[in-house]
1. With label points built 7 Å along Cα→Cβ from the Cα atoms of Tyr274 and Ala6, find their separation and express it in nm.
2. If you average the C-alpha positions of the range 118-162 and of the range 57-105 separately, how far apart do those two centres end up, in angstrom?
3. Taking 0.36 nm per residue of separation and subtracting the Cα-Cα distance, what length does fully extending Asp210 through Thr284 add?
4. Over the chain, calculate the relative contact order: mean separation of alpha carbon pairs under 8 Å at least 6 apart, over the residue count, as a percent.
5. Hey, could you grab the Kirkwood Rh for the range 1-152? Inverse mean 1/r over distinct alpha carbon pairs, Å, one decimal.
6. Taking amide H positions as placed 1.01 Å from N in the peptide plane, with prolines and chain starts having none, which residues 5 or more places from Ala215, or on another chain, fall under 5 Å of its amide H?
7. By how many nm would the segment from Arg170 to Arg82 grow when fully extended, if each residue of separation counts as 0.36 nm and the alpha-carbon distance is taken off?
8. Once phi is turned into ³J(HN,Hα) by the Karplus curve 6.51 cos²θ - 1.76 cosθ + 1.60 with θ = phi - 60°, what whole-Hz value does each residue of the range 171-186 show in order, with x for glycine and proline?
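Only the coordinates and a few stated rules stand behind these numbers; no lab work does. Here the structure is a predicted model, which means the values were calculated and not measured. A quick note on method: Cβ atoms are made from the backbone with ideal geometry, for glycine too, and the neighbour counts reach across all protein chains shown.
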Amino acid sequence: MRLLPAQIDPRDFDALHDDAPAWRGWVESIAGAHGARVVGQEAEGTVLVARLGDGRVLKLYPPFLRDHFEFEAAMLDRLHGRLSVPTPRLLGRGERDGWPYLLMTQLSGEPLSASWPVLAEAQRLELLRSLGQLAAEVHALPVRDVADLAPRWPDFIATQRQRCIARQQRTGLPAHLLARLPAFIAGELPAGEPVLLTGEYTPMNLFTIDGKLAAMFDFGDGLVGPREYDWLGPLCFLAAGNAARCAAFMSGVGARLDDRLRLQLLRLLLLHRYSDLPAQIACTGWQVAPDFEALTARIWP
């Protein structure tokens with residue numbers, strides 16, 4: 001069995017990730033060392049994920065994502081058994097050729113990305129309320145030493161501001177909005193108490209059963225910062241452009257949207273670690289909004 005590459009950059013890792021046969025042998029070898037066999041590989045996600053035949057999940061991280069490995073391990077310990085919705089239980093951790101990995105329990109349910117399109121509108125509203133409540137539960141947990149595993153929020157924001165224009169050009173923000181971008185992202189952001197941010201209240205990282213929220217997973221790219229950062233997933237992927245859906249989610253978190261908060265949220269969206277507005281705003285026609293103020297009213301009425 002050949003060794004995992006000691007040096008690999010993000011581009012080469014992405015190519016490896018998309019070639020499941022290329023990394024099958026590695027996860028089979030690690031699984032075998034833990035008395036298990038691989039029964040499936042996940043195509044989604046930012047790391048290599050394999051389902052094992054004994055109800056466990058193996059997550060293998062490239063060396064350049066060791067910080068994600070450490071943060072996820074800490075979050076799994078902090079969240080499991082403390083929320084109204086199940087999260088994976090951390091079962092073990094290890095390393096192979098400089099690549100860290102975690103073993104955790106496998107969750108049950110249907111991905112929300114698959115169930116959302118067929119839900120009745122009343123079910124969607126109830127699910128959004130549940131998502132808001134779940135986020136509030138996580139944000140109420142103590143941060144403690146998890147903060148040591150995440151970048152300082154001011155440093156993170158400073159870096160994102162430096163990279164924002166290039167990213168928005170690359171991802172296709174309309175030219176008339178790009179022209180207004182430098183002044184806009186320099187504006188006010190939410191400044192509440194730092195909380196545990198999972199970043200994963202999105203359809204790709206949630207399971208449902210019979211239309212109800214059933215599980216949440218994948219915390220490697222979380223942060224510690226203001227709670228509003230975690231609101232972006234539901235408010236963009238699921239609620240954008242629909243006032244009733246926005247209100248349902250906000251009722252779950254126990255807050256209300258106003259013009260000032262909408263602008264702060266849009267700045268956070270533009271500065272988000274994975275900001276890509278064409279892929280993330282689930283309402284049509286937002287690109288023709290003449291300015292950012294009009295855009296907030298369009299996506300979060």
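1. Placing both labels 7 Å beyond Cα along the Cβ direction yields 3.2 nm.
2. Each part's Cα centre sits 18 Å from the other's.
3. On the way: separation 74, 0.36 × 74 = 26.64 nm, distance 2.83 nm.
Full-extension gain reported as 23.8 nm.
4. Working: 501 pairs, mean separation 55.7, N = 301.
With pairs under 8 Å counted, the relative contact order is 19 percent.
5. Values: mean 1/r = 0.0578 Å⁻¹.
This gives a value of 17.3 Å.
6. Correct list: Phe207.
7. Numbers: separation 88, 0.36 × 88 = 31.68 nm, distance 3.96 nm.
Contour length minus the Cα-Cα distance gives 27.7 nm.
8. Per residue, the Karplus-derived 3J(HN,Hα) values read 8, x, 5, x, 4, 5, 7, 4, 5, 8, 5, x, 5, 5, 6, 7 Hz.
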